[in-house]
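> Structure provided below as structure tokens; questions to follow.
The values are calculated or read from the model by the stated rules, or taken from the named source; none is laboratory data. None of the values given here were measured: they were computed from a predicted structure. Every residue, glycine as well, gets a Cβ built from its backbone with ideal geometry; the counts of neighbours run over all protein chains shown.
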Amino acid sequence: MLFESIPEKWQQHLSSHRDVVNQIGVKLQDLANAGERILPDKKWVFRALEIDPEDVKVLVIGQDPYPNVQDACGLAFSVQPRKSGLPGSLMNIQKEILTDIGFTNTADGDLTRWSNQGVMLLNRVLTVTAGASGSHAKWGWEPVTETIARVCGESGAIGLLWGNSARELASLFPPERLVEGIHPSPLSAHRGFLGSKPFSKVNSLLEKIGKETISW
């Protein structure tokens, strides 16, 4: 049962979604049996939830996993470390960090370093069929990830929400713990993501509430 793969501390918060998550698990297995490649690998579907609820300082919301094997790793926007060839959204995130902060710890695209500091990198939809972006939307993941976001907001996390899909969850965070903006996608970043200084804004808010800032 897929629900049992959720880290234990999150299971209690998501118990009302047990049936839906297990139904999604059945659908995923059916696709796999039919020869479809499901991303990310099963061991990484709930990777974002490896941070305990009370330890989440910042919640970043993505849309759904990268639809290719080399990029989908269970953390929104992140990839396995590499020397070049980052996805467009991640390239724009790196550009903005350099403009905003002046240096970056994640030039190789591996945002695990953020997770280790309490930044949850959560997609609205946690799975995708390889090669078919958005293919698992409306399967039932959205209410699950909304509950996760609500728990993070109630636990004092800052919401860092880029794009329309993420900003649907803005009401779960008070204004003093919310940074909203344009999605970093190559299609939209020039409309206001680049130059928006979200990383220094988040660190400023963390300082105000007495939490350690993030080394981006």
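> When residues of segment 26-54 are filtered for being in contact with a strand residue (DSSP E or B) (Cβ under 7 Å, 6 or more places away or on another chain) and part of a helix (DSSP H, G or I), how many remain?
Qualifying residue count, segment 26-54: 4.
> List the residue pairs whose Cβ atoms are under 7 Å apart, where the first residue sits in segment 199-215 and is farther than 12 Å from TRP114 by Cβ and in contact (Cβ under 8 Å) with a residue 12 or more places away in the chain, the second is assigned to a helix (DSSP H, G or I) and among the basic types (Lys, Arg), and the two are 6 or more positions apart or on different chains.
As it stands, the answer is LEU205/ARG177, since those pairs meet every condition given.
> Further question on the same structure: For segment 149-169, which residues satisfy the criterion of being buried (at least 16 other Cβ atoms within 10 Å of the Cβ) and either charged (D, E, K, R) or part of a loop (DSSP other than H, G, I, E, B) (or both)?
ALA157, ARG167, LEU169
> Of (1) touching a Ser or Thr at 6+ places or on another chain (Cβ under 6 Å); (2) at pLDDT 95 or above; (3) polar (S, T, N, Q); (4) in a loop (DSSP other than H, G, I, E, B), ASN105 satisfies all except one. Which?
Here ASN105 meets the rest and fails (2).
> Quick test of your reading of the structure: VAL79 fulfils all but one of (1) touching a Cys at 6+ places or on another chain (Cβ under 9 Å); (2) crowded, with 23+ Cβ neighbours inside 10 Å. Name the failing condition by number.
(2)
> Filter segment 1-25 down to the residues that are surrounded by fewer than 19 Cβ atoms within 10 Å (Cβ to Cβ) and assigned to a loop (DSSP other than H, G, I, E, B) and list them by number.
Of everything in segment 1-25, those that are surrounded by fewer than 19 Cβ atoms within 10 Å (Cβ to Cβ) and assigned to a loop (DSSP other than H, G, I, E, B) turn out to be MET1, PRO7, GLN12, HIS13.
> Looking at segment 191-210 only, could you name the residues that are in contact with a helix residue (DSSP H, G or I) (Cβ under 9 Å, 6 or more places away or on another chain) and not aromatic (Phe, Trp, Tyr)?
In the first step, residues of segment 191-210 are kept if they are in contact with a helix residue (DSSP H, G or I) (Cβ under 9 Å, 6 or more places away or on another chain); the result is 193-201, 205, 208-209.
If the condition is that a residue be in contact with a helix residue (DSSP H, G or I) (Cβ under 9 Å, 6 or more places away or on another chain) and not aromatic (Phe, Trp, Tyr), then LEU194, GLY195, SER196, LYS197, PRO198, SER200, LYS201, LEU205, LYS208, ILE209 are the ones that fit.
> From the residues in segment 108-126 that are out of contact with any Asp or Glu (no Cβ under 6 Å at 6 or more places or on another chain) and in a loop (DSSP other than H, G, I, E, B), which one is nearest to PRO67 (Cα to Cα)?
Kept after step one, since they are out of contact with any Asp or Glu (no Cβ under 6 Å at 6 or more places or on another chain), are these residues of segment 108-126: 108-117, 119-122, 126.
Subsequent filtering for residues that are in a loop (DSSP other than H, G, I, E, B) retains 108-111, 116-117, 126.
On the way: ASP108: 19, GLY109: 16, ASP110: 17, LEU111: 18, ASN116: 25, GLN117: 27, LEU126: 11 Å.
Here the answer is LEU126.
> Filtering segment 170-196 down to residues that are hydrophobic (A, V, I, L, M, F, W, C) and part of a helix (DSSP H, G or I), which residue is nearest to LEU160 (Cα to Cα)? Quick ask: steps written out before the conclusion?
Filtering segment 170-196 for residues hydrophobic (A, V, I, L, M, F, W, C) gives 170, 172-173, 178-179, 182, 187, 189, 193-194.
From what's left, part of a helix (DSSP H, G or I): 170, 172, 189.
Values: ALA170: 9, LEU172: 12, ALA189: 15 Å.
Applying the filter and picking the extreme gives ALA170.
> Let me ask something else. Residues being assigned to a loop (DSSP other than H, G, I, E, B) and within 17 Å of ALA132 (Cβ to Cβ): count how many of those fall in segment 61-75.
Looking only at segment 61-75, we keep the residues that are assigned to a loop (DSSP other than H, G, I, E, B), and these are 63-75.
From what is left, the residues that are within 17 Å of ALA132 (Cβ to Cβ) are 63-72.
Total meeting the criteria: 10.
> Let me ask you something else. Test GLU36 against the criterion of being crowded, with 16+ Cβ neighbours inside 10 Å, over 11 Å from LEU126 (Cβ atoms), touching a residue at least 60 places away in the same chain (Cβ under 8 Å) and acidic (Asp, Glu), and give yes or no. Write out each step before concluding.
Numbers: crowded, with 16+ Cβ neighbours inside 10 Å: no; over 11 Å from LEU126 (Cβ atoms): yes; touching a residue at least 60 places away in the same chain (Cβ under 8 Å): yes; acidic (Asp, Glu): yes.
No.
> Which one is nearest to the chain's Cα centre (by Cα) among residues in segment 85-107 that are more than 11 Å from PHE199 (Cβ to Cβ), of a type in the set (Gly, Ala, Ser) and surrounded by fewer than 19 Cβ atoms within 10 Å (Cβ to Cβ)?
Checked segment 85-107; the qualifying residue nearest to the chain's Cα centre (by Cα) is GLY88.
> Among the numbered criteria (1) surrounded by fewer than 18 Cβ atoms within 10 Å (Cβ to Cβ); (2) more than 13 Å from the chain's Cα centre (by Cα), which single criterion is violated by GLU50?
Only one criterion in (1) surrounded by fewer than 18 Cβ atoms within 10 Å (Cβ to Cβ); (2) more than 13 Å from the chain's Cα centre (by Cα) is unmet by GLU50, namely (2).
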